[in-house]
Amino acid sequence: STFAPPATSRIKPNSFTGSPKDTFYVLQTASLLKDRVILMGGASKIYIERTDGKYDDLVKRAGVLFKPTSNTSLYYSYASMFTPTAYTTRDVNGNQLPNVTGQGQEVGIKGDFLDGRLNVTADYYWMKQSNLADPAAQVNPVTGLGYYILVPDRKFSGVEIDIQAQLAKNWQLILVGWSGKTLNSNGKQADNSPKESAGLFTRYDFTTGKAKGFSVGGGAYYSGKRTYGATRYAADYTVANAFISYRYNDHWKVSANINNLFDKVYVAGAWADTVIDIGDPRTFRLSVEYRFK
């Protein structure tokens, strides 16, 4: 839809012109000690023009990977960020909010075991972003439009784990988990941000017999409760999905997916009692795929 504020609004149609551009991008890697140590670094120049000013930033990336053994890797990475604000991201007075900036770091370990049948990744990350925007959950009485509240700073930290297991040649299991914090500049848990989540997925491929070509699978996703409005919260929930597919030959494949298998009613997110995202009901999807070879 087209953004068209009333004539009384301070927002002008030409208040945003141009689009972000990478004026250059550089990425360099170096391998040391017979591939035991790998260094990486890079940068990209982002430039944007708006009628309220010209903005540019140098987005930087760096990292190091160390392999103490042939099947284990330790790594560290750093990255900065710059995201131009959208045209409609404005405060109650109609002023476009500042561009989002930030930086993040991550340390982790990856392991490959049992001849590749078991892969485990665990990491810890911490990030800080400035000039984020939260929906105000209200309407501006002058423009009749929704607006945003500027969040000066927000800090993110957490632990993630990813386990992929090949239980058999044609049976795969994936388990993921996360636990962390999302804190506003006042040190409180940010609205609409859970503190934990987890997921389980499995897939089985039939390779012999009359069922050859069929694949079945499914999984479940869990999200912890989300707080909002200081004292309110949306309850935690678990949603299950399932699928079945049939590959007729190297070219044709037919799949059927069911999301929210048990038709659970849940709140996927909430900013206020009047701004709540209800999760999708049970959904069916049938798809046909053709692969050119």
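The values are calculated or read from the model by the stated rules, or taken from the named source; none is laboratory data. If you're wondering where the values come from, they're calculated on a predicted model, not measured in any experiment. Neighbour counts run over all protein chains shown; Cβ positions are idealised from the backbone, glycine included. Each accessible area value is taken on the protein alone, full model and side chains, heavy atoms only, with ligands, DNA and RNA left out. Shrake-Rupley method; radii C 1.70, N 1.55, O 1.52, S 1.80 Å.
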(request) Provide a single number: the residues in the range 136-173 that are closer than 30 Å to ARG203 by Cβ and outside any strand (DSSP E or B). (result) 2
(request) State all residues of the range 17-46 that are surrounded by 15 or more Cβ atoms within 10 Å (Cβ to Cβ) and either in a loop (DSSP other than H, G, I, E, B) or modelled with pLDDT under 80 (or both); if no residue qualifies, say none. (result) PRO20, ILE46
(request) Quick one: count up the residues across the range 58-85 that are more than 20 Å from GLY42 (Cα to Cα) and open to solvent by less than 50 Å² (accessible area, probe 1.4 Å). (result) 4
(request) Taking THR182 as the residue in question, decide whether it is closer than 18 Å to ASP91 by Cβ and surrounded by 16 or more Cβ atoms within 10 Å (Cβ to Cβ). (result) no
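Can you tell me which residues in the range 187-197 are in a loop (DSSP other than H, G, I, E, B), open to solvent by less than 80 Å² (accessible area, probe 1.4 Å) and not polar (S, T, N, Q)? Full working, then the answer.
Applying the first criterion (in a loop (DSSP other than H, G, I, E, B)) to the range 187-197 yields 187-188, 190-195.
Now restrict to residues that are open to solvent by less than 80 Å² (accessible area, probe 1.4 Å): 187, 190-194.
Residues satisfying the conditions are GLY187, ALA190, ASP191, PRO194.
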(message) So the check is Cβ under 7 Å with 6+ separation or different chains; which pairs have a first residue in the range 175-200 that's at negative phi and a second one that's of a type in the set (S, T, N, Q) and assigned to a loop (DSSP other than H, G, I, E, B)?
(response) THR182/SER193
(message) What's the total number of residues in the range 113-145 that are farther than 30 Å from LYS54 by Cβ, of a type outside the set (A, V, I, L, M, F, W, C) and buried (at least 16 other Cβ atoms within 10 Å of the Cβ)?
(response) 4
(request) Report, by residue number, each residue of the range 99-112 that is within 22 Å of the chain's Cα centre (by Cα) and open to solvent by less than 60 Å² (accessible area, probe 1.4 Å). (result) ASN99, VAL100, THR101, GLY102, GLY104, GLN105, GLU106, VAL107, GLY108
(request) Assess whether VAL151 counts as being farther than 25 Å from GLY199 by Cα, open to solvent by 40 Å² or more (accessible area, probe 1.4 Å) and of a type in the set (A, V, I, L, M, F, W, C). (result) no
